Every structure is written in C-alpha cells, then in structure tokens.
Amino acid sequence: MTPVVSAQKVCKSFGSLDVLKGIDLEVHDREVLCLIGPSGSGKSTLLRCINHLEKIDAGRLYVDGVLVGYRERGGRLHELRDKEIAEQRKNIGMVFQRFNLFPHMTALENVMEAPVQVRREPRGQVRERALELLDRVGLADKARSYPGQLSGGQQQRVAIARALAMQPKLMLFDEPTSALDPELVGDVLGVMRQLAKDGMTMVVVTHEMQFAREVADKVFFMDGGVVVESGSPDEVIGDPKHERTKSFLARVL
Ligand code: ADP
Ligand code: MG
C-alpha cells in the first residue's frame, strides 16, 4: 500500500545551516509516528516540509503518493502553483504548540471556518460536523465560548477539532502540549490517544515519552538533522542503542 508519508533523503537548509540532512521515513495508513529529539534537531522543520510550509532542497517527499510541492516530468522537478499546493494541503491537518485560534470567533465558529471559507461547504452541514467534533474533544458545552474564556488545554482541543473539520488524511502535531500547564496536558493527550485509536494517521513531535511509548507505532529519534535511531517505542525509548538517544532520554524521562 502507498505510504501516507514517504520521505526519501530529504534535505533542507536555511542559508548555510543544514537543518535536515537526508531524512528517510515512512508513515502508513492508521500509523502513529512520534518524532523525538533535542531542541534544534529539525523536528519542526520536517513537519513544516510535510505540510508545504517549507520547500525541501533535495530528496523526495510524498504525501499519499503525491510529490509535495512539485511535479515530476521527465526526471525533472517543477514547482507547483499556489493553487495546486493549497489543494494538496487540504488533506493535512496541523496542530501547533500555540493554538492560534481566531480570538474574535467562538469555538464553534473557529471549527467551522475552514470548511465554510476554503471548501465552500454548506453552513448547516459544517455546523453539525463541528458540533460533533467539539463533542469528540470533550467540549460540547463550550461551543459558544470565545478562546479567551477557555483554558489553554481547552483551546488546544478546539484547535484539534478545527484541524479535523477539514477531514484530513494526515494529522501533524508539533509539541501540542508544550505550552500547557501540567494539569491540562492529560486532556489533550487523551484526545490524541482516542484519535489514534480511531485510526487517524499521525506524526507527533512530542517530549511526552509515556504517550509515545503507549500510542506510537514507531518512534524516530532525531539529532542534528539526521534520524539517529528509529523503531518500535520499546526499542527506541525502552532499549536505545545509540549514545545520543540514551543521553537525550536520560534528560527528558
Ligand atoms: P526543533 O523543532 O527540533 O527544535 P527546528 O526544526 O525548529 O528544530 O529548527 C532546526 C534548526 O533550524 C534550528 O537551528 C533553527 O534555528 C533553524 N531554523 C528553523 N527555521 C528556520 C528559519 N526559518 N530560518 C533560519 N533558521 C531556521
Ligand atoms: Mg520544534
């Protein structure tokens, strides 16, 4: 079966700074891949490349078998137009460390925004789905609340519902609980755990090792722009082989 994400020797530099130095990775349908590693190792950049927020410099990156951001013709790559890129991005949901909800819109309006504005779906239909999604993230009673009236954990769950409203094939999470007070982390991880159980394909950057251990099908440890070690959570977190993985885990566990 075609992998949902396939990265082949993906490289990305910012000026003279080589941030991704040949990343290979595959995520299959219904799989959860957790990306771990120290700050600055390139985890966010990799997610941003998958979601068309950065262009790669070398290698190949495919989402659902389709080349990200480029068209291949006669062995040469041609950049896609903005419209074509927008089309590709519709299948990808992303949740950031900062929730970035629209402050002047209620939770419900935030969740409805993209399907109505981007996809021009009928409001009634979107509204019904948005209410279901808010229920799914445990916020059925907050549909009419504004972000400022919600805790960080609640806002992050609205952000997850908002990403799901576009019915993505793939969800990317970039340290979704890092900005939260410790007592709010559990609810957000709970929603993500349920999403994984329901079969969503996910790439999750996280420092929550317990979550990675329970939920991930595979764990990739990155350091200095390379994948140092990858495998099952039991292998990478439970029994790391590389010194760099061991010293990282000793710091976060
Ligand atoms: P991580 O998410 O693992 O902490 P990042 O992918 O955010 O790592 O960053 C990797 C490296 O790339 C860092 O040294 C960071 O400063 C650099 N970097 C990230 N984005 C940019 C950018 N837009 N311009 C220049 N340097 C960047
Ligand atoms: Mg990051």
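The values are calculated or read from the model by the stated rules, or taken from the named source; none is laboratory data. Being a predicted model, the structure only gives us computed values, none of them experimental. Because the Cβ atoms are built from the backbone with ideal geometry, glycine has one as well, and the counts that use them run over all protein chains shown. Please note that ligands, DNA and RNA were not included when accessible areas were found on the heavy atoms of the full protein model with its side chains. Shrake-Rupley method; radii C 1.70, N 1.55, O 1.52, S 1.80 Å.
Could you go through the range 203-222 and let me know if any residue there is over 25 Å from D29 (Cβ atoms), part of a strand (DSSP E or B) and touching a strand residue (DSSP E or B) at 6+ places or on another chain (Cβ under 6 Å). Within the range 203-222, not a single residue is over 25 Å from D29 (Cβ atoms), part of a strand (DSSP E or B) and touching a strand residue (DSSP E or B) at 6+ places or on another chain (Cβ under 6 Å).
Does V252 qualify as being closer than 26 Å to G22 by Cβ, open to solvent by 20 Å² or more (accessible area, probe 1.4 Å) and at pLDDT below 95? In short, yes.
Counting the residues of the range 139-180 that are open to solvent by 50 Å² or more (accessible area, probe 1.4 Å) and farther than 24 Å from S44 by Cβ gives 8. Within the range 164-185, residues that are within 19 Å of C49 (Cβ to Cβ) and among the basic types (K, R) reach partners that are away from ligand 2 (no atom under 12 Å from the Cβ) and not in a loop (DSSP other than H, G, I, E, B) with beta carbons closer than 7 Å, at six or more positions or on different chains, in the pairs K169/T201. In the range 181-219, how many are within 16 Å of ligand 1 (Cβ to nearest atom), open to solvent by less than 20 Å² (accessible area, probe 1.4 Å) and not β-branched (V, I, T)? Total satisfying the criteria: 2.
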